[in-house]
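Participant: Have a look at this one.
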Amino acid sequence: MKIALLGYGKMGQTIERIALERGHEIVLKKDEFNTFEGLSNADVAIDFSIPAVAVENISSCFYANVPVISGTTGWLDRFDEMVALCEEKGGAFISSSNFSLGVNLFFGLNEYLAKMMSKFDSYKVEMEEIHHTQKLDAPSGTAISLAKGVIENSNYTNWTLEDAKENDIHIEALRIGDVPGTHTVTYNSVVDTIEIKHTAHNRDGFALGAVIAAEWIVGKKGVFTMRDVLELNSN
């Protein structure tokens, strides 16, 4: 499989290593110093860039008829626009805040726990996420996905980085050293605490999931999620 890497920072380089280990070929390494030349030769593109260029990267793939996997966060105010363009061009698209297998299982656990806890008003939910100091967006896309998972399965209506009101979920976003990513969901009451936590040990899990998603999407048309890739939708 021929892969175009849109974004060649630490994640892009990790994806390159894992893709080559799995027998794939890299035909484009796009950063701020080069162009999209070679994109049309790719079977699939993987975008781990920055919010400012993500929409240009993704739309360029649709115009080039190249399926695209995007792990860039911080641009999702234009997500519906990209979905519409994908459908208009007959493209294929997966955008995820986190491609890690473990994190996607954690998403499901979070939603299940939220349904259980919604019956017990004595517990208040809050979240904490820790990432490396180079991460540009806060809170992380993964934390936002976790918050949405609670909101969709409870009486909470909003997330905030500020002091939480009655139906708000407070997210504490910390940037420390070279932490790949730690996410904690906590339910506190006056008598006890219930907590679930996912800790990434390195970037390999994120990169492997993105490559697996790229392998899966080739030959397909439409907008998909990691639930489709991992066949979790029936669970």
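The values are calculated or read from the model by the stated rules, or taken from the named source; none is laboratory data. Source: prediction; values computed, not measured. Cβ atoms come from the backbone with ideal geometry, glycine included; neighbour counts cover every protein chain shown. Surface accessibility is based on the protein's heavy atoms, side chains included, excluding ligands, DNA and RNA. Shrake-Rupley method; radii C 1.70, N 1.55, O 1.52, S 1.80 Å.
Participant: State which residue is nearest to the chain's Cα centre (by Cα) when the search covers only the stretch 194-204 and only residues that are among the β-branched types (Val, Ile, Thr) and open to solvent by 50 Å² or more (accessible area, probe 1.4 Å).
Facilitator: Per the stated criteria, the residue is Thr199.
Participant: A further question on this structure: If we keep just the residues of the stretch 96-133 that are in contact (Cβ under 8 Å) with a residue 60 or more places away in the chain and of a type in the set (S, T, N, Q), which is farthest from Thr72 (Cα to Cα)?
Facilitator: Ser122
Participant: Something else now. Please determine, by comparing only the residues of the stretch 170-193 that are open to solvent by 60 Å² or more (accessible area, probe 1.4 Å) and over 19 Å from the mean Cα position of the chain (by Cα), which one is modelled with the lowest pLDDT.
Facilitator: Checking each candidate, the answer is Ile176.
Participant: Kindly provide the set of residues from the stretch 205-235 that are farther than 22 Å from Leu109 by Cβ, open to solvent by 50 Å² or more (accessible area, probe 1.4 Å) and in contact (Cβ under 8 Å) with a residue 12 or more places away in the chain, ordered by number.
Facilitator: Glu215, Trp216, Val218, Lys220, Lys221, Val223
Participant: Still on this structure, I have one more. Note down all Cβ pairs under 6 Å where the first residue falls in the stretch 33-47 and is of a type in the set (Val, Ile, Thr), the second is assigned to a loop (DSSP other than H, G, I, E, B) and surrounded by 21 or more Cβ atoms within 10 Å (Cβ to Cβ), and they're at least six residues apart or on different chains.
Facilitator: If the second residue must be assigned to a loop (DSSP other than H, G, I, E, B) and surrounded by 21 or more Cβ atoms within 10 Å (Cβ to Cβ), the pairs left are Val44/Pro67.
Participant: Here's a follow-up. Exactly one of these conditions fails for Thr157: (1) modelled with pLDDT of 90 or more; (2) among the β-branched types (Val, Ile, Thr); (3) closer than 25 Å to Ser49 by Cβ; (4) over 16 Å from the mean Cα position of the chain (by Cα). Give me its number.
Facilitator: It is condition (3) that Thr157 fails.
Participant: Here are the criteria: (1) in contact with a Gly (Cβ under 8 Å, 6 or more places away or on another chain); (2) assigned to a helix (DSSP H, G or I). Tell me which single one Asn98 does not satisfy.
Facilitator: (2) is the only condition that Asn98 fails.
Participant: Select from the stretch 19-73 the residues that are assigned to a helix (DSSP H, G or I), under 19 Å from Gly205 (Cα atoms) and open to solvent by less than 20 Å² (accessible area, probe 1.4 Å) and list them in ascending order.
Facilitator: Passing the criteria: only Ala19.
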